[in-house]
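Working notes, beginning with the structure itself.
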Amino acid sequence: MISANALPRLLHHASGRPLSLDEHDHEFGPINPKADLLTELRDSGLTGRGGAGFPTSKKVELLGEQRGHGKFVVVNAMEGEPSSHKDLALLNANPHLVIDGAEMLAHMIGAKRIAICVSRDNPIVINHVKRALHERTRRSLRGPEIELHTPPWRYVAGEESALVHWLDDNESLPQYRPHRPTILRIGRSAVLVDNAETCANVGLIGRYGAQWYRQLGTASSPGSTLVSVTGAVDRPHVIEVALGTPVKAILEVAGADTDPLAILLGGYGGTWFSGENIRLPFATEFLAEVGASVGAGVIMVLPKQACGLMETYRITKWMANESARQCGPCAFGLPALADDLHQLVQGGKDRKQSLDRLVQRAAEIDGRGACKHPDGVVRMVRTALQVFSKDLQNHINGSPCVGSRGTKFYATVPKFEREEDLVWE
Amino acid sequence: MGVIRRGGSFVLKVNPILCDGFGHCHELAPDLVDIDEWGYPIIKKEPTPTGNVQALQSARYAVRGCPRQALRIERIADQP
Ligand code: SF4
Ligand code: SF4
């Protein structure tokens, strides 16, 4: 058993190699067979760690009500965000904890099959998961059938409906869901999609109970979470923090710039967050005051010498290229946003009009895609215009900051692929 | 044409994956559907009362006229 108010929990015993099944049993102890899992899960107040922050117990109840025997649990470790590394770090440390959680979820909804999804660009993690699964079959634990799936890596491939679409039909394209919450299906079987970190948390709650779980974190955001810190850091870090830890403290622990210009919270579809606010606790109820949320636990730190608009442009351009190009407003709108931003940053002749156009186009695109991909970009762009309003004025007045002419950038943007090279299956 | 029910309201919903931006819907129901610079429909979000027969009729034309069958009328019951 690991102690309740000590960190790390999820990354317990992370030593650069994954715990074997025996070590895992020894470190974490047995699963409580008598526990009423659903009640514990509800009392624990666990919310999904994939970005949306939906209460996990609600999702489980929704799926539990569905009929049929062929239900699926899908563990999402796709890590679509280029600046997020948490699911991989977790599978590198405690793959069995994730699998335990998935098995508990399967038990709760009555699912017979589990699919673990890791994108195929991560051969090392895939090997770790394969070995973990092998160890389990050798022990012939009776339980749901577990498969490992390796979809291609795309930003939207980790979106839950795209992931289910891939499992169903080998295409990583999001599906249209007019009503939410929706029950996603593979064939006719209902599917529960949960982030790998969420599953690991379930693995802890199923062992030690809700009360134990709540000893860290705040009343409305209990527990701990994994945070990927990138940008102005010595090296990118994944650290585990209790929810409610001030953002500044997280930056200190991660060895990042503690007096940043701004922070991009929640990933490339997240919100820019002014460096003045870093005293706020890292929990959704506090961050909501400034319009941000914990999201998938990504913190991208931008130092004072960088140009926020330039970074926003680079991210937008890449995100536009990652659109699945199924919906017009996303396929045409996002590149248009990127163009407007480019005009602004470069101080083109019609930069004043570009700003108006940008604002208007952002309003037009918002909410019109089948998935939330364009909405996220719009949110990121809008908050950039607020947080970097001073720089924006300078750019418009024709005296852009030094950072925009520099060659050092902070947001990791993967290699820009041509449209015909994007792999969706 | 079906029976026009009294009471309640409706909104048009477009499936953006199916829609190919032919813009027929805008021509058939200009009050309900605006069009963006790339030719894709911007649908009015506020519900229209079903009692507005003309609007409902035009929405039905738009649904039938959409070459990709991407539009649907969604009814919203009155709050009791
Ligand atoms: S909104 Fe964009 S990313 Fe999402 S399904 Fe439509 S085209 Fe694809
Ligand atoms: S008529 Fe149909 S395909 Fe054409 S723009 Fe309207 S919704 Fe899209």
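Between A:119, A:178, A:26, the Cα set farthest toward the positive side of the dipole of the range A:21-213 (charges on each charged residue's Cβ, about the Cα centre) is that of A:178.
When only alpha carbons of chain A are considered, Rg and Dmax amount to 21.5, 70 Å.
Dipole of the protein assembly as shown computed with +1 at Lys/Arg Cβ and -1 at Asp/Glu Cβ about the Cα centre; of B:21, A:255, A:48, farthest Cα towards the positive end is B:21. The residue A:421 and residue A:148 beta-carbon pair, evaluated with R₀ = 30 Å, returns a calculated FRET efficiency of approximately 0.70.
Extension gain, residue A:211 to residue A:170, is 10.6 nm, computed as 0.36 nm per intervening residue step minus the present C-alpha separation.
Accessible area buried by the pairing of A and B, both sides summed with a 1.4 Å probe, works out to roughly 1300 Å². Given A:76, A:187, A:359, which one lies farthest toward the positive end of the charge dipole of chain A, if we put +1 on the Cβ of every Lys and Arg and -1 on the Cβ of every Asp and Glu? Projecting each Cα onto the dipole axis, the largest value belongs to A:359. The Cα center of the range A:361-424 and the Cα center of the range A:15-91 differ in position by 33 Å.
Over the protein assembly as shown, dividing the summed -39,500 (n - 2.57) contributions of all DSSP H runs of at least 4 residues by the number of residues returns a 222 nm mean residue ellipticity of -11500 deg cm²/dmol. Taking label positions 7 Å along the Cα-Cβ direction at both residue A:412 and residue A:188, the computed distance is 4.4 nm, reported to one decimal.
The charge dipole of the protein assembly as shown, taken about its Cα centre with unit charges on the Cβ of Lys, Arg, Asp and Glu (plus for the first two, minus for the last two), comes to roughly 680 debye. Here, the range A:224-302 is characterised by an Rg to Rh ratio of 0.90, where Rg is the alpha-carbon radius of gyration and Rh the Kirkwood radius.
Taking a point 7 Å out from the Cα of residue A:62 in the direction of its Cβ, the residues of the range A:170-192 whose backbone N falls within less than 13 Å of it are A:177-185, A:191-192. Relative contact order for chain A: what is it in percent, counting Cα pairs under 8 Å that are at least 6 residues apart? About 17 percent, as a whole number. Here the accessible area is traced with a 1.4 Å probe on the protein chains. For the range A:18-68, carbon and sulfur cover 51 percent of it. Ellipsoid semi-axes for the range A:308-415, based on the Cα gyration tensor and the rule √(5λ), read 23, 15, 11 Å when sorted largest first. Surface calculation, 1.4 Å probe, protein heavy atoms: residue A:159 sits at approximately 40 Å² accessible. Using the Kirkwood radius over Cα pairs, work out the Stokes-Einstein diffusion coefficient for the range A:21-213 at 37 °C and 0.692 mPa s, in µm²/s as a whole number. Result for D is 198 µm²/s. Beyond 18 Å in Cα-Cα separation lie the following of the pairs A:352/A:390; A:304/A:390; A:304/A:408; A:248/A:304; A:304/A:415; A:58/A:112: A:304/A:415; A:58/A:112. Fully extending the segment from residue A:22 to residue A:180, taken as 0.36 nm per residue of separation minus the present Cα-Cα distance, adds 52.7 nm. Listed values for the range A:390-398 are Karplus-derived 3J(HN,Hα) couplings in whole Hz (6.51 cos²θ - 1.76 cosθ + 1.60, θ = phi - 60°), namely 5, 4, 4, 4, 4, 5, 5, 6, x, and x replaces Gly and Pro.
Ligands, DNA and RNA excluded, the heavy atoms of residue A:117 present near 0 Å² of accessible surface to a 1.4 Å solvent probe. With the simple model of a label 7 Å out from the Cα in the direction of the Cβ, residue B:69 to residue A:219 spans 5.3 nm. Each residue was assigned an accessible area with a 1.4 Å probe, and for residue A:372 the value is about 120 Å². The modelled label-to-label distance for the pair residue A:124/residue A:397, using points 7 Å beyond Cα in the direction of Cβ, is 4.8 nm.
Coupling constants for the range A:220-237 follow from the phi torsions by the Karplus curve (6.51 cos²θ - 1.76 cosθ + 1.60, θ = phi - 60°), and in residue order they are 9, 10, x, x, 10, 9, 8, 10, 9, 9, 9, x, 7, 10, 4, 8, x, 10 Hz; glycine and proline get x.
Annotation: extensible slack from residue A:405 through residue A:289 equals 38.4 nm (criterion: 0.36 nm per residue apart, minus Cα-Cα distance). For the range A:43-54, the Karplus equation 6.51 cos²θ - 1.76 cosθ + 1.60, evaluated at θ = phi - 60°, returns couplings of 5, 5, x, 5, 10, x, 9, x, x, 7, x, 7 Hz by residue, with Gly and Pro reported as x.
Relative contact order of the range A:1-127, taken over Cα pairs closer than 8 Å and 6 or more residues apart, is 32 percent.
Think of a 1.4 Å ball rolled over the protein heavy atoms: chain B then has 60 Å² of accessible area per residue.
The values are calculated or read from the model by the stated rules, or taken from the named source; none is laboratory data. Since we're looking at a predicted model, the values are computed, not measured. Using ideal geometry, Cβ is built from the backbone for each residue, glycine included, and neighbour counts are taken over all protein chains shown. Each accessible area value is taken on the protein alone, full model and side chains, heavy atoms only, with ligands, DNA and RNA left out. Shrake-Rupley method; radii C 1.70, N 1.55, O 1.52, S 1.80 Å.
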